[in-house]
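Everything on this sheet refers to the single structure shown next.
Read-outs: derived from the displayed coordinates by stated rules, not from any lab. Since we're looking at a predicted model, the values are computed, not measured. Please note: Cβ atoms are built from the backbone with ideal geometry, for glycine as well, and neighbour counts cover all protein chains shown.
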Amino acid sequence: MNFLPLIGALLLSTAPVQAFETYDEYVNACISSEENTKLCDRSAEWHSAVFVTNTLCKLEWRGFLTAEEVTRYWEEVELSPQPDNLRKEGVNFMLRTHPTCSIKPIP
């Protein structure tokens, strides 16, 4: 009887997964419906905010950019237009891993 959960887990782990192996497959899935397009767009916004925030904080931490340069770029480019909730969440998510970064969390 102890093996029953293990057997169930093994069966689930062998189930096929819908994965995209090429960019074209990904794009086709994103444009297949209006709902998918919105989901892909919103996901891209969140990941973009995470990526930019992480890059700027790492460049500052490694000494390639000064705190003033990071802050000036951030205020001129990334905060214009006013970020929506998913961008805010992405930025604030990444700033929790970079507590010394000069970028301030978005309220």
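Observations, loosely collected:
- Environment charge of Val27, counting only residues whose C-beta is closer than 13 Å and scoring Lys/Arg +1, Asp/Glu -1: -4
- Model label sites at Leu39 and Arg62, defined 7 Å from Cα along the beta-carbon direction, differ in position by 3.5 nm.
- Two-site FRET efficiency, Glu76 against Ser48, from Cβ-Cβ distance with R₀ of 22 Å, rounded to 0.05: 0.85
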